[in-house]
Amino acid sequence: MEKEIKINFEVIESYDHLTDIEKTLFDKAQAIRQQAYAPYSNFLVGCAVLLENGEIITGSNQENAAYPSGLCAERTTIFWTSANYPDVKIKKLFVIGAPKEALTSTPIPPCGACRQSILEYEAKQKEGIEIYFASLNGEIYKTKSIRDLLPFSFDSSFL
Ligand code: THU
């Protein structure tokens with residue numbers, strides 16, 4: 001028997017169609033992206049999260065000569081956020097990725113490990129995090145929760 005899982009996402013046509021706070025998050029993710037430490041892949045990723053107290057935290061990918069020791073922009077950002085604001089909810093997470101020297105427009109989704117990590121914080125705060133992902137220009141994809149990007153998800157309920 002074959003079954004289907006439905007996921008939902010919204011396509012936002014371009015930067016101009018974002019709300020003011022979304023534009024701010026896009027701009028901050030884009031700005032921090034340019035300071036990413038990615039000398040091995042030359043793929044620069046920036047992330048910005050909006051907290052319920054209105055603060056915005058940003059981060060970028062951090063690579064390492066021992067490749068697996070590096071970390072994606074999303075986890076750099078949410079780990080720092082949870083370490084410093086353990087009781088403050090994350091409302092939105094914006095991620096922008098593109099090669100250093102290319103003007104790409106395909107939205108770059110969070111990798112599998114980042115999805116799993118974001119899911120952990122949704123569970124911790126008992127509330128979804130709106131996820132936005134984009135490239136430098138073009139469409140922006142939005143989901144209401146990381147669960148839409150991770151339909152079969154492993155969480156603490158199985159332990
Ligand atoms: N990267 C991120 O920062 N986030 C993702 O979700 C995908 C990949 C980084 C990791 C590595 O530094 C570079 O992009 C190439 O994979």
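How many residues does the range 69-88 hold that are open to solvent by less than 60 Å² (accessible area, probe 1.4 Å), more than 9 Å from the ligand (Cβ to nearest atom) and not in a helix (DSSP H, G or I)?
Qualifying residue count for the region: 2.
Regarding Ala102, is this residue out of contact with any strand residue (DSSP E or B) (no Cβ under 9 Å at 6 or more places or on another chain), more than 8 Å from the ligand (Cβ to nearest atom) and of a type in the set (Gly, Ala, Ser)?
yes
Which residue pairs have Cβ atoms under 6 Å apart, sit 6 or more places apart or on different chains, and have a first residue in the range 75-89 that is of a type in the set (S, T, N, Q) and a second that is open to solvent by 60 Å² or more (accessible area, probe 1.4 Å)?
These pairs meet every condition: Thr76/Gln62.
From the list Leu119, Leu50, Leu44, exactly one residue is more than 15 Å from Leu25 (Cα to Cα) and part of a strand (DSSP E or B). Which is it?
Of the residues listed, the single one that is more than 15 Å from Leu25 (Cα to Cα) and part of a strand (DSSP E or B) is Leu44.
Filter the range 89-115 down to the residues that are charged (D, E, K, R) and at pLDDT 95 or above, then identify the one that is most open to solvent (accessible area, probe 1.4 Å).
Across the range 89-115, the extreme among qualifying residues is Lys100.
Looking only at residues that are of a type in the set (S, T, N, Q) and over 19 Å from Leu103 (Cβ atoms) in the range 13-35, which one is least open to solvent (accessible area, probe 1.4 Å)?
Thr24
Determine whether Phe94 is touching a residue at least 40 places away in the same chain (Cβ under 8 Å), in contact with a helix residue (DSSP H, G or I) (Cβ under 9 Å, 6 or more places away or on another chain) and aromatic (Phe, Trp, Tyr).
Considered against the rule, which asks whether it is touching a residue at least 40 places away in the same chain (Cβ under 8 Å), in contact with a helix residue (DSSP H, G or I) (Cβ under 9 Å, 6 or more places away or on another chain) and aromatic (Phe, Trp, Tyr), Phe94 comes out as yes.
The values are calculated or read from the model by the stated rules, or taken from the named source; none is laboratory data. Predicted model, so just to flag it, every value in this text is computed and none were measured. Every residue, glycine as well, gets a Cβ built from its backbone with ideal geometry; the counts of neighbours run over all protein chains shown. Keep in mind that these areas ignore ligands, DNA and RNA; they rest on the heavy atoms of the full protein, side chains included. Shrake-Rupley method; radii C 1.70, N 1.55, O 1.52, S 1.80 Å.
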